[in-house]
Amino acid sequence: MKFSGNWQVCNMFRNLKYELVRLFCSRVMLVVMLLSLFAAVFISRGAVPGVMNTQQLGTPYFQLVDDIVFVQDCEYYIRFHSMGVTKARYNMQELDVETPEEMYLATTEDQTKRIMWYCGGMIVILTLLPALYICRDKKNGMPYMRAALAGSPVSEALAQILALYIVTALISLITQLCLVFFYVPYIVSELGASYFVRCLVQRVVTDLALISVPMLLAYLIDLLPISIVLGAAYGVFSMVMNISAAGSSALARIPFPTAYMQGFRAYWSADAAPADLAFYFCSAAACILICAAASVLIFRQKAKKYRAGIVNPKGFK
């Protein structure tokens, strides 16, 4: 029994190596991954409608801003008004800041929370990556054939799932590092390295939980066009829910319930309660484990049918 278990683990890692090579050597998947990374950075940095900018009360959306643009805007406003009026314009009248540079440093936590909780950059990944990776070569039944011949459908499915999670985690991590580099470069000095690392881990875990649902749908359906459509619908729904809860509910432009999503943003605060963070991570982990386990069971059942000759390979188109 112990030998069998070790064999399964070794087989899973061998399959994982094969899946990663297949991902990074496929031109189609490389294009999809690069497109997903570019879209994640580009969409994540855009203005979010319905979300109040806490740095500028007159703006009914949250637009990320870098230090050069922010300082130039403040200096222009100070030239025609005063420092006190400028601080009031940016909702900083209670803060001990006296220069535009200090005002920009005061935006670090709000901009970090905006970078981390907004899931808009995941929409392309949710739409394309699970569907193309899981369904693309199932039209000829190759994954089921490999699992049937090797007699290890569980290790085959786990290798596919782990490969998808690794790629998603890399895209998520690179996206957040790019946004942090451009918009909150002083996060470590202002808020501490532990908060920065916690936000990165929290964002990666969140994205893994988000992608688990279209991954499960891809295993369940096995049809590329339908999987893409369902992934796109799920991505749009996730983004709409994400931006529907404004800092002030009166500013919410999309009529979804806002109470839960307003609470969701509190999980990204530097002073978030440990119990709240534990609940957040446990909820995300539960989503990942449930979807992964269901995907493995679905794959194993279809591999068994393939091996028994009940289902013809053409039936997996």
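Every number in this text was worked out from the coordinates using simple rules, so none of it is lab data. Quick caveat: nothing in here was measured; it's all calculated off a predicted structure. Cβ sites come from the backbone with ideal geometry, for glycine too, and all protein chains shown count toward neighbours.
Summary table
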{"item": "Per-pair calculated FRET efficiency, R0 = 25 Å: Cys178 and Leu30 via Cβ, rounded to 0.05", "result": "0.85"}
{"item": "Net charge of Cβ neighbours under 15 Å - reference Cys119; Lys, Arg +1; Asp, Glu -1", "result": "+4"}
{"item": "Solution diffusion estimate, µm²/s, Stokes-Einstein, segment 152-228, Kirkwood Rh from C-alpha pairs, 4 °C, viscosity 1.567 mPa s", "result": "90"}
{"item": "Stretch gain in nm, segment Glu101-Lys17, where the contour uses 0.36 nm per residue and the Cα spacing is subtracted", "result": "25.4 nm"}
{"item": "From phi via Karplus (6.51, -1.76, 1.60), per-residue ³J(HN,Hα) for segment 291-306 in Hz, x at Gly/Pro", "result": "5, 5, 5, 5, 5, 5, 5, 5, 5, 5, 5, 5, 5, 5, 5, 5"}
